[in-house]
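Below: the structure, in structure tokens.
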Amino acid sequence: MAEFRMPSLGADMEHGKVVEWLVKPGDYIHKGDLVAAVDTDKTVMDIESFEEGVLAEFLVEIGDTVSVGTPIARITATPAEQMSAPQAAPRDLEALPAVRLAPAPSVPKMASPPTSKRGVRVSPPVRHLAHALGVDVESVRGSGPNGEVSRADVETAVKGPVSEMPSTSPTAVGGGPAREQRLRSSPLARRVAAQLGIDLKDVQGTGREGAITELDVRRALGMASGMRGEAWGPAQVQPVEAPIEAAPQSGRKEPAADKASTLRQAIGSLMSRSKKEIPHYYLAGTLNLDTAMAWMQSENQRRSVSARLVPSALLLKATALAATETPEMNGYFTRGAFHPSSSVHLGVAVALRQGGLVAPALRDAEMLTLDELMVQLRALVSRARAGRLQRAEMADPTITVTNLGDLGVESVYGVIYPPQVAMVGFGKILEQPWAHNGMLGVRQAVTATLSADHRVSDGLRGARFLSRIDELLQTPEEL
């Protein structure tokens with residue numbers, strides 16, 4: 001048995017509020033599966049499980065605010081797994097005399113009693129796959145040795161009922177419940193469908209293996225509205241969004257003014273701490289982007305509109321590569337010492353629609369191609385503004401970049417985000433007069449700034465870091 005605890009989702013996080021459970025008691029959870037959505041005062045993030053097993057019970061309710069490290073759910077092994085290891089019981093006899101009775105209370109929580117599974121031969125990996133796909137292994141005919149259920153048998157059992165669903169008459173009562181149980185859908189999609197009165201059997205899934213997602217449910221509602229003769233346009237979006245935000249059980253509804261105020265207080269508190277504890281120093285330099293912009297424009301002519309590059313991708317990649325060569329800029333200062341990071345998890349400052357900002361990470365940015373960086377950047381910004389960030393994206397940044405050039409700002413000096421030790425700022429790309437070899441011309445350039453921690457580096461190392469970014473941008477084809 002393991003306790004799932006409220007994780008730390010940032011250096012400034014002391015507590016979190018559970019705003020949505022993405023699973024339910026009895027669900028089988030793998031490591032990395034999303035379990036809950038948590039409000040950290042700055043944004044709402046999805047948190048994943050570090051344990052594997054069956055979710056036995058919730059220890060907090062939606063809307064409860066608890067401190068970091070507080071148990072919020074309990075995860076247990078399946079009854080079959082508990083019975084498969086009886087040799088572990090004698091070691092605990094002194095501390096737990098009734099340990100043999102422990103599996104009994106968890107049996108009613110499972111869809112099938114353990115005694116009904118004793119005749120089914122199935123390996124643990126295949127059993128885990130069946131749990132994940134919603135397949136009852138008792139109903140699967142095994143094709144392996146001695147009737148053992150194989151991975152192929154489980155996958156075939158999933159595909160069979162799904163392909164038969166469209167041809168089945170809606171009046172057929174006997175097959176309905178079984179098909180509904182095997183209909184693949186996310187917990188959030190089921191919750192939204194229940195709130196909107198949508199029958200999942202009428203929804204076409206676009207997720208993995210045909211699974212129904214929240215977007216599929218909303219799209220189905222929009223199609224139903226269109227069939228009733230409603231006009232497509234802004235008015236049609238309202239019925240889709242309003243029920244979800246207004247649902248009292250979701251726990252997400254909060255006055256916009258209060259949320260913005262809480263977010264601003266959290267940011268202000270962290271920045272005050274940063275300025276008090278971190279001895280900042282600041283540098284600025286002008287980067288020549290003539291070569292980089294010419295290469296990018298030439299490259300984009302060969303690409304489709306959706307695959308074209310933007311200047312931010314070049315600036316981010318150059319920063320990540322320069323950080324690998326200047327380790328004093330990439331890492332954390334904790335417990336009185338600097339801890340450099342072997343990977344560059346590049347934090348990207350994202351402005352939120354309700355005000356404030358967050359800085360989630362592009363993980364291993366130095367290893368990404370420009371195309372991969374573009375795809376991940378779009379997805380990261382979209383999730384940040386939708387409040388669907390994951391724990392690692394907020395907890396892992398090793399250096400942060402902020403860019404206000406789109407708003408016309410020529411230079412920006414950031415405040416370091418603890419426990420990081422550096423922040424890079426980029427301004428607007430401008431055509432500037434440029435003297436070279438006694439000749440005066442016009443080139444595209446951008447002002448780059450560096451805010452760094454004097455406990456870890458000095459102006460010399462900071463200057464080399466900015467200079468290296470400039471050098472990398474002169475060979476953009478190698479980024």
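The values are calculated or read from the model by the stated rules, or taken from the named source; none is laboratory data. Note that this is a predicted model, so its numbers are computed, not measured. Virtual Cβ from ideal backbone geometry, glycine too; neighbours counted across all protein chains shown. Side chains are part of the model used for accessible areas, which takes the heavy atoms of the whole protein and leaves out ligands, DNA and RNA. Shrake-Rupley method; radii C 1.70, N 1.55, O 1.52, S 1.80 Å.
A few comments on the model shown:
- Given (1) touching a residue at least 60 places away in the same chain (Cβ under 8 Å); (2) open to solvent by 10 Å² or more (accessible area, probe 1.4 Å); (3) in contact with a strand residue (DSSP E or B) (Cβ under 6 Å, 6 or more places away or on another chain), number of the condition ALA351 does not satisfy: (1)
- Cβ-Cβ under 6 Å pairs, at least 6 apart or on other chains, the range 267-286 side at pLDDT 95 or above, far side of a type in the set (Val, Ile, Thr) and assigned to a loop (DSSP other than H, G, I, E, B): ILE278/ILE416
- Of the residues making up the range 51-66, those that are within 21 Å of the chain's Cα centre (by Cα) and farther than 18 Å from ALA37 by Cβ are GLU51, GLU52.
- Inter-residue pairs, beta-carbon under 8 Å, first at positive phi and small (Gly, Ala, Ser) and in the range 140-154, second part of a loop (DSSP other than H, G, I, E, B) and modelled with pLDDT of 70 or more, 6+ apart: GLY147/ARG121; GLY147/ARG141
- Taking the range 297-316 as the range and being over 28 Å from the mean Cα position of the chain (by Cα), farther than 21 Å from GLN444 by Cα and open to solvent by less than 60 Å² (accessible area, probe 1.4 Å) as the test, only ARG303 passes.
- Condition check for LEU9: at pLDDT below 85, farther than 17 Å from THR76 by Cα and touching a helix residue (DSSP H, G or I) at 6+ places or on another chain (Cβ under 7 Å): yes
- 1 or more residues more than 18 Å from LEU316 (Cβ to Cβ) and either open to solvent by less than 10 Å² (accessible area, probe 1.4 Å) or among the hydroxyl-bearing types (Ser, Thr, Tyr) (or both): qualifying strands (runs of 3 or more DSSP E) within the range 377-479: 439-453
- Of all residues making up the range 22-37, the number that are outside any loop (DSSP other than H, G, I, E, B) and open to solvent by 10 Å² or more (accessible area, probe 1.4 Å): 2
Conditions tested, residue by residue: (1) aromatic (Phe, Trp, Tyr); (2) modelled with pLDDT under 95; (3) within 28 Å of GLU14 (Cβ to Cβ).
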position: VAL375; (1), (2), (3): no, yes, no
position: LEU380; (1), (2), (3): no, yes, yes
position: ALA386; (1), (2), (3): no, yes, yes
position: ALA395; (1), (2), (3): no, yes, yes
position: ILE416; (1), (2), (3): no, no, yes
position: MET423; (1), (2), (3): no, no, yes
position: ARG455; (1), (2), (3): no, no, yes
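- Test result for ARG443, among the charged types (D, E, K, R), in contact with a helix residue (DSSP H, G or I) (Cβ under 6 Å, 6 or more places away or on another chain) and within 21 Å of LEU321 (Cα to Cα): no
- The range 356-369, residues that are more than 14 Å from VAL44 (Cα to Cα) and either of a type in the set (Asp, Glu) or surrounded by fewer than 16 Cβ atoms within 10 Å (Cβ to Cβ) (or both): ASP364, GLU366, MET367, THR369
- Filtering the range 452-465 for residues that are within 32 Å of the chain's Cα centre (by Cα) and free of Cβ contacts under 8 Å to residues at least 60 places away in the same chain leaves an empty set.
- The residues of the range 1-19 that are of a type in the set (Asp, Glu) and either crowded, with 20+ Cβ neighbours inside 10 Å or part of a loop (DSSP other than H, G, I, E, B) (or both), listed by number, are ASP12, GLU14.
- In the condition set (1) modelled with pLDDT under 85; (2) surrounded by fewer than 16 Cβ atoms within 10 Å (Cβ to Cβ), THR40 is compliant with all but (2).
- Taking the range 317-343 as the range and being in a helix (DSSP H, G or I), under 17 Å from LEU368 (Cβ atoms) and either open to solvent by 30 Å² or more (accessible area, probe 1.4 Å) or out of contact with any strand residue (DSSP E or B) (no Cβ under 6 Å at 6 or more places or on another chain) (or both) as the test, the residues that pass are LYS317, ALA318, LEU321, ALA322, THR324, GLU325.
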